[in-house]
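**Q** Structure in structure tokens, see below.
Taken together, the values in this text are just the output of simple stated rules run on the coordinates, not laboratory data. As the structure is a computational prediction, the values presented were derived from the model and not from experiment. As a convention, Cβ positions derive from the backbone with ideal geometry for all residues, glycine included, and neighbour counts pool all protein chains shown.
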Amino acid sequence: MTKSPLTLYLAAPRGFCAGVDRAIKIVEMALDKWGAPVYVRHEIVHNKFVVDELRNKGAVFVEELEECPDDRPVVFSAHGVPKSVPAEAARREMLFVDATCPLVSKVHIEAQRHADRGLQIVMIGHAGHPETIGTMGQLPEGDVLLVETPEDVAYLDVRDPGQLAFVTQTTLSVDDTAEIVAALQARFPQIVGPHKEDICYATTNRQEAVKAMATKVDAMLVVGAPNSSNSRRLVEVGSRAGCAYAQLVQRATDIDWRALDGVSGVGITAGASAPEVLINEVIDAFRDRYDVQVEQVETAKETVEFKVPRILREPRTEV
């Protein structure tokens, strides 16, 4: 049976960012250095395939520090943690390694500097997301107010309208965030913004690639996990940029082939925590069904690398 022709447009950049790559490497190096088990507080990154691979190597994933024994290493996830978590680990004399993405740590430092100047912080983010919890947990309760939409800005109850600053979650939609920032600046003209935008380079680059690809395709698949903020934003960006069908899939087995019936061009991208092996799996699934031609849509080149913490580069110590 003759296969129908189909063009796959691959977004570039896509998939792993430097912060995710570093976080996974931290867990692997901790296992190499101290042996299994190594405990990880929260999923190291939001991707089931990655988490399962590390679990098979000896990582034990927990939600809270109280689930970890005192005598085994613990790694804090790439999303960051409230200040109370490393403080408690230190109190218990635990060996811990912080895998917080350096770009998230930058936001933590920023929030603290604003607070040291007497400013109250407004955080643009998603309630309940680990990164939001971690950033808000850098300061005492009440010092950071959360907004998720432009409409939320009208209901903010601030201590002093002239003493405000804002920070953002690093994985938000660039366009959505701009709308919220505009609402904040309209209501609080003196509000102080970040020295450099908080939304990370990888989130921005992946969204720009999706926008460039959206008008070329009939459908778009984003490889990523349902609890991955940056992956879900890519779906939204694709839809808003004009793609009639944009869908999140974790694996090739999640593809709804009926929804793709009759398409001639499909865009493929991946969230920052999705490994390339899953993207290749999706491409292979298309090759099984179509006569595939692959084109890359490149909007940026990424060369960012982050060092792992010093404790992992030092000689092994007994635990």
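**Q** Under 10 Å, Cα contacts only: if you run a Gaussian network model on the chain, which one of 247, 207, 185 comes out with the highest mean-square fluctuation?
**A** Highest fluctuation among the options: 185.
**Q** Where in the range 75-141 are there GluC sites (Glu not before Pro) that are in a DSSP coil and have at most 14 other Cβ atoms within 10 angstrom of their Cβ?
**A** 93, 141
**Q** While we're on this one: Which of 159, 22, 206 ends up with the largest GNM mean-square fluctuation for the chain, with Cα atoms connected below 10 Å?
**A** For the chain, modelled as a Gaussian network with Cα springs under 10 Å, the answer is 159.
**Q** How large is the translational diffusion coefficient of the range 18-101 in µm² per second when you combine the Kirkwood radius over alpha carbon pairs with Stokes-Einstein at 37 °C and 0.692 mPa s?
**A** 264 µm²/s
**Q** Okay, next question. Wrap a convex hull around the Cα atoms of the chain, take a quarter of its surface area, and give that in square nanometres.
**A** Averaged projected hull area, Cα only: 17.9 nm².
**Q** To continue, here is another question. Using alpha carbon coordinates only, what is the Rg to Rh ratio of the range 103-187, with Rh defined as the Kirkwood radius?
**A** Reported Rg/Rh, Kirkwood definition of Rh: 0.92.
**Q** Moving on to the next point. Check residue 61: other-chain or 5+ apart residues with amide H under 5 Å from its amide H, H built from backbone geometry?
**A** 40
**Q** Give me the compactness ratio for the range 119-233, meaning the Cα radius of gyration over 2.2 N^0.38 Å.
**A** Rg over 2.2 N^0.38 Å, computed on Cα atoms: 1.15.
**Q** Checking the table 25/216; 48/307; 48/211; 83/301; 3/301 against a 28 Å threshold on Cα-Cα, which pairs fail?
**A** Violating the 28 Å Cα-Cα cut-off are 25/216; 83/301; 3/301.
**Q** Springs between alpha-carbon atoms under 10 Å, Gaussian network over the chain: tell me which of 73, 140, 150 tops the mean-square fluctuations.
**A** 140
**Q** Give me the distance between the Cα centres of the range 210-281 and the range 52-119, rounded to whole Å.
**A** Rounded to whole Å, the Cα centres lie 31 Å apart.
**Q** Another question about this same structure. List the GluC sites (Glu not before Pro) in the range 219-319 that DSSP assigns to loop (not H, G, I, E or B) and whose Cβ has at most 15 other Cβ atoms within 10 Å. Which are they?
**A** 302, 305, 318
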